[in-house]
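All remarks here apply to the structure that follows.
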Amino acid sequence: MRILFLTQWFQPEPFFKGLPFAKALQARGHEVEVLTGFPNYPGGKVYPGYRVRLWQRETMEGIRINRLALYPSHDFSGIRRIINYVSFALLCLFAGVLMVRRPDVVYVYNLITLLPAAILLRSLFGCKILLDVQDLWPESVIRSGMLRYPTAHRLLTNMCRWLYRRADWVTVLSPGFKKALEARGVPSNTLEVIYNWCDETAQVPVRRDESLARDLGFQDRFNVMFAGTMGVMQGLDTVLEAAEICRERVPEAQFVLIGGGADQGRLETRAKKTGLTNVRFLAKQPPESMGQFYALADALLVHLIDEPLFRITIPSKTQAYLLMGKPIIMAMEGDAADLVRQAGSGIICRPGDPSALSEAVENLAAMPLRERNRLGTAGAAFYAKNLSMDAGVGRFERRMKVLIGQNIRDC
């Protein structure tokens, strides 16, 4: 099977479904080619060793990469972000289709702006289109502030509705996304949930390092760890308020926040002003170093503010937490909470509710160690069976084979 990856982002950009996914399909005997842009994400500046030119070809670990020019940008300017998307989409449409070999399947990653090029490829070669949806359009564009005019919203909404229905198959990251697209007229018999996996090459469970625990002040504490972006959407004031409650009710509990973000400084200042000695902030760590920190945690925390879009979103840290084999406190409602329920790997509580969060911490801290270990083991087993890269790649491969008419079992 000849598979074309049509994606604006690819390695060396930090893109977990890029090169590892392409290599996994290649290892299964398929011919994989990539049509992408010049690397500039997330900073909006072209990476060292590259410069924007009309086109460029390279080979990366045995994968043929075709790069097309784009306007590099990833700042807060709506106009520049629009030009970034549109410049690449237009070059794919008018030049990219001439650069690639005849595919059997075009795998379109996320951006609906790339569907016109995929549709043209289908017209030329009779290939099938598989669209992998990670962000719902137009909501993600409107929420980002890129489009501020109602007329533009309506035009984009109608365009997105039309384009979503043009794909031969659409995969989504959660059941909620599936329902949202069904409501827009995408036939349910062309929609499939394939959960994301995490970067398994970087995030590897390791044994607890007691000397590191001692150095960080983690010994003899019940460590509740949050790892990731500290922004407004994470709603981490709730964590500080829960920590204040836990000072009295669960004195051994310690909240550890690892990462960075726009809200980190304010949160640290608030924690100091209120004397929260049971809250620790650690700097953002490289993904390959996080295993040693996860190993020191007694529970791993997911928290986002309660918004409708987040109820159908599964934060990427969910998969990483399950892989680590630790009990999870899921302070969210919706699809992410349902995953933890299915896995039997932790406690669910309401987002934005310090009392509910402190109660979840108290319950876990009071739980016998063997029971907490059972929760963690259940999560890791669930990840391996349902969410791992091997499981996900297998589902994508089977779906692609079905699309092109290959007869396979268990599809």
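The values are calculated or read from the model by the stated rules, or taken from the named source; none is laboratory data. Everything numeric in this text was worked out from a predicted model, so none of it was measured. All Cβ positions, even for glycine, are placed from backbone atoms using ideal geometry, and neighbour counts span all protein chains on display.
In the stretch 55-73, the residues that are assigned by TED's automatic domain parsing to the domain that holds residue 95 and of a type in the set (Gly, Ala, Ser) form Cβ pairs under 8 Å with partners that are at pLDDT 95 or above and assigned to a strand (DSSP E or B), at six or more places apart or across chains, as follows: 69/37; 69/55.
Matching residues to (1) out of contact with any helix residue (DSSP H, G or I) (no Cβ under 6 Å at 6 or more places or on another chain); (2) assigned to a helix (DSSP H, G or I); (3) modelled with pLDDT of 95 or more; (4) more than 22 Å from residue 392 (Cα to Cα):
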residue: 15; (1), (2), (3), (4): yes, no, no, no
residue: 43; (1), (2), (3), (4): yes, no, no, yes
residue: 48; (1), (2), (3), (4): yes, no, yes, yes
residue: 66; (1), (2), (3), (4): no, no, yes, yes
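When the stretch 291-301 is examined, which residues are found to be under 26 Å from residue 385 (Cβ atoms) and either in a loop (DSSP other than H, G, I, E, B) or free of Cβ contacts under 8 Å to residues at least 40 places away in the same chain (or both)? Of everything in the stretch 291-301, those that are under 26 Å from residue 385 (Cβ atoms) and either in a loop (DSSP other than H, G, I, E, B) or free of Cβ contacts under 8 Å to residues at least 40 places away in the same chain (or both) turn out to be 295, 297, 298. Whether a residue is among the polar types (S, T, N, Q), in the same structural domain as residue 274 (by TED's automatic domain parsing) and either surrounded by 15 or more Cβ atoms within 10 Å (Cβ to Cβ) or on the phi < 0 side of the Ramachandran plot (or both) was assessed, and residue 151 does not pass this test. On inspection, residue 288 passes the criterion of being on the phi < 0 side of the Ramachandran plot, surrounded by fewer than 18 Cβ atoms within 10 Å (Cβ to Cβ), in a helix (DSSP H, G or I) and acidic (Asp, Glu). You will find that of 364, 369, 375, the residue that is assigned by TED's automatic domain parsing to the domain that holds residue 317, more than 22 Å from the chain's Cα centre (by Cα) and surrounded by fewer than 14 Cβ atoms within 10 Å (Cβ to Cβ) is 369 and no other. Within the stretch 302-324, one or more residues are free of Cβ contacts under 8 Å to residues at least 12 places away in the same chain and either in a helix (DSSP H, G or I) or under 19 Å from residue 208 (Cβ atoms) (or both).
The condition (being under 18 Å from residue 247 (Cβ atoms) and in contact with a strand residue (DSSP E or B) (Cβ under 8 Å, 6 or more places away or on another chain)) is satisfied by just one residue among 337, 356, 366: 356. For the stretch 154-176, the criterion of being in contact with a Gly (Cβ under 8 Å, 6 or more places away or on another chain), within 25 Å of residue 77 (Cβ to Cβ), at pLDDT below 85 and assigned to a helix (DSSP H, G or I) is met by no residue. Name the single residue that is nearest to residue 176 (Cα to Cα) among those in the stretch 302-321 being of a type in the set (A, V, I, L, M) and surrounded by fewer than 20 Cβ atoms within 10 Å (Cβ to Cβ). Ranking the qualifying residues of the stretch 302-321, first place goes to 312.
Restricted to strands (runs of 3 or more DSSP E) entirely inside the stretch 188-273, those with at least 1 residues that are on the phi < 0 side of the Ramachandran plot and aromatic (Phe, Trp, Tyr) are 222-227, 253-258. Scanning the stretch 342-399 for residues that are assigned to a helix (DSSP H, G or I) and either at pLDDT below 95 or among the basic types (Lys, Arg) (or both), we see that the one that is nearest to residue 236 (Cα to Cα) is 372. Cβ separations smaller than 6 Å between residues 6+ apart or across chains give the following pairs from the stretch 187-215 residues that are farther than 21 Å from residue 376 by Cα to residues that are surrounded by fewer than 15 Cβ atoms within 10 Å (Cβ to Cβ) and at pLDDT 95 or above: 188/182. Only one of the numbered conditions (1) under 22 Å from residue 351 (Cα atoms); (2) at pLDDT 95 or above; (3) polar (S, T, N, Q); (4) under 22 Å from the mean Cα position of the chain (by Cα) is violated by residue 254, and that is (4).
Among the residues making up the stretch 190-227, those that are within 22 Å of residue 372 (Cβ to Cβ) and among the small types (Gly, Ala, Ser) are 213, 217, 227. Among the β-branched types (Val, Ile, Thr), crowded, with 19+ Cβ neighbours inside 10 Å and over 18 Å from residue 310 (Cβ atoms): is that true of residue 347 in this structure? When the stated conditions are applied, residue 347 passes them. Would it be correct to say that residue 262 is assigned by TED's automatic domain parsing to the domain that holds residue 362, of a type in the set (A, V, I, L, M), in contact (Cβ under 8 Å) with a residue 12 or more places away in the chain and touching a Ser or Thr at 6+ places or on another chain (Cβ under 7 Å)? Judged against the criteria, residue 262 is not a match. Of the residues making up the stretch 325-335, just one is surrounded by 23 or more Cβ atoms within 10 Å (Cβ to Cβ), touching a Pro at 6+ places or on another chain (Cβ under 6 Å) and either touching a residue at least 40 places away in the same chain (Cβ under 8 Å) or basic (Lys, Arg) (or both), namely 331. Is one or more of the residues making up the stretch 229-252 acidic (Asp, Glu), touching a Lys or Arg at 6+ places or on another chain (Cβ under 9 Å) and buried (at least 22 other Cβ atoms within 10 Å of the Cβ)? Within the stretch 229-252, not a single residue is acidic (Asp, Glu), touching a Lys or Arg at 6+ places or on another chain (Cβ under 9 Å) and buried (at least 22 other Cβ atoms within 10 Å of the Cβ).
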